[in-house]
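Since the structure comes first, as structure tokens, the remarks are kept for the end.
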Amino acid sequence: MEVSAAISGDQLRNIVERIEHVEHEIQELADAKKEIYLEAKGNGFDMKILREVIRLRKQDPDERDEHESLVEIYFQAIKGGAATAGTKVPNGNGRARHGPRAAPPS
């Protein structure tokens, strides 16, 4: 099979160089991100919490609200609070849905 006839050396070299350039830029951005985290740490911010805030800000607000509601319901259920089986919580499409359900009778 004659591969060299089907592949342009200049085109391939250009593609490889572009990929290498992008990889270099990604590494530079990763280094800059690391420096920002170190700066925040030096200013007394908690890195775990900072990463959590960044992760939450990336989420869709409705999904984040639903997640927070479910977490609160679960904590209340663990503590023996009022939010138990049948509690309605909003879902991502704006309609209410039931929270955790009690196990069916056996």
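Values in this text are rule-based calculations from the coordinates and carry no lab data. No experiment lies behind these values; they were computed from the predicted model shown. Heads up, the Cβs are rebuilt from the backbone with ideal geometry, glycines too, and the neighbour counts pull from every protein chain shown.
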By counting other Cβ atoms within 10 Å of each Cβ, how are Arg55, Arg64 ranked from fewest to most? Arg55, Arg64
Highest mean first, how do 38-49, 66-77 rank when packing is the count of other Cβ atoms within 10 Å averaged over residues? 66-77, 38-49
In nm, what is the difference between 0.36 nm times the number of residues separating Asn14 and Asn43 and their Cα-Cα distance? 6.1 nm
Could you name the lysines in cross-link range of Lys58, using Cα to Cα under 22 Å and dropping any fewer than eight places away on the same chain? Lys33, Lys34, Lys41, Lys48
Show which lysines lie in cross-link reach of Lys79 when reach means a straight Cα distance below 19 angstrom and same-chain residues fewer than eight apart are skipped. Lys88
What distance in nm separates the two pseudo spin-label positions at Leu50 and Ile7, each 7 Å out from Cα along the beta-carbon direction? 4.4 nm
